[in-house]
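Report on one structure; see the data block that follows.
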Amino acid sequence: MAKEKNPVTDEELKQKLSPIAYAVTQENATERPFSGKYDDFYEKGIYVDIVSGKPLFSSTEKYDAGCGWPSFSKPISDDEIAEKNDRSHGMHRVEVRSQSADSHLGHVFNDGPADKGGLRYCINSAALKFIPYDEMAEQGYEKYKSLVE
């Protein structure tokens, strides 16, 4: 799948996003642990890329990993997730980016729930927008409702 070029300019993104959302998605920053709005948040719905609006994760795959960031056992679709090696900060990790907007989302680790595949997608709240179940149809995400029913 060829990556789409993000049609939004850097200046438009600075206007659209909060400073932390811009820093996380465009500059590979990480929000402080336990500071994001979706860390301790368990409403029914889906999480989309704050830049592109593409669906990324469902509430049914979210769990409390105790790490300080929202954690998911799997994405809605592997087609919207890109993974790349990250050797920053003296560590070897796997970075998770959105495929369409190339937004930095967080990292994926192999210490998730074994019964759900063993992965932990550790994602910055600032990279996400939550779409509540009751608003999914009106916001154009009706086909994803079955994932959270």
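The values are calculated or read from the model by the stated rules, or taken from the named source; none is laboratory data. Remember, it's a predicted structure, so these values are computed and weren't measured experimentally. Glycine also receives a Cβ, built like all others from the backbone with ideal geometry; neighbour counts cover every protein chain displayed. In case anyone asks, the SASA skips ligands and DNA or RNA and just uses the protein heavy atoms, side chains included. Shrake-Rupley method; radii C 1.70, N 1.55, O 1.52, S 1.80 Å.
Cβ neighbours within 10 Å, averaged per peptide: list 66-73, 36-43 in order, most packed at the top.
66-73, 36-43
Amide H of I81: which non-local residues (sequence gap of 5 or more, or other chain) have their own amide H closer than 5 Å, using H built in the peptide plane?
Amide H neighbours of I81, under 5 Å, 5+ apart: Q99.
Please give the solvent-accessible surface of T60 in Å², to the nearest 10, using a probe radius of 1.4 Å with every protein chain present.
60
Write down the accessible area per residue of the chain in Å², having rolled a 1.4 Å probe over the full set of protein chains.
Heavy-atom accessible area per residue stands at 54 Å².
Could you check how much of the accessible area of the chain is carbon and sulfur, as a whole percent, using a 1.4 Å probe?
Of all accessible area on the chain, carbon and sulfur atoms account for 47 percent.
Across segment 124-139, in residue order, what do the Karplus-derived ³J(HN,Hα) couplings come to in whole Hz, using 6.51 cos²θ - 1.76 cosθ + 1.60 with θ = phi - 60° and x for Gly and Pro?
Calculated HN-Hα couplings, in order: 5, 4, 5, 8, 10, 10, 8, 10, x, 3, 5, 10, 4, 5, 5, 9 Hz.
Considering only Y42, S58, I81, whose Cα is most displaced toward the positive end of the charge dipole of segment 41-149, charges sitting on Cβ of Lys, Arg (+1) and Asp, Glu (-1)?
The one lying farthest along the dipole's positive direction is I81.
Tell me the mean residue ellipticity at 222 nm calculated for the chain from its helices only (DSSP H runs of n ≥ 4, each -39500 (n - 2.57), averaged over every residue, nearest 500).
Using -39500 (n - 2.57) per qualifying helix, the result is -3000 deg cm²/dmol.
Hey, what did the chain get for relative contact order, percent, Cα under 8 Å, at least 6 apart?
The value is 26 percent.
Between segment 106-123 and segment 135-149, how many Å separate their Cα centres?
Taking the Cα centre of segment 135-149 as reference, the centre of segment 106-123 is 24 Å away.
Calculate the FRET efficiency for R32 and D134 from the Cβ-Cβ distance with a Förster distance of 25 Å, rounded to the nearest 0.05.
0.25
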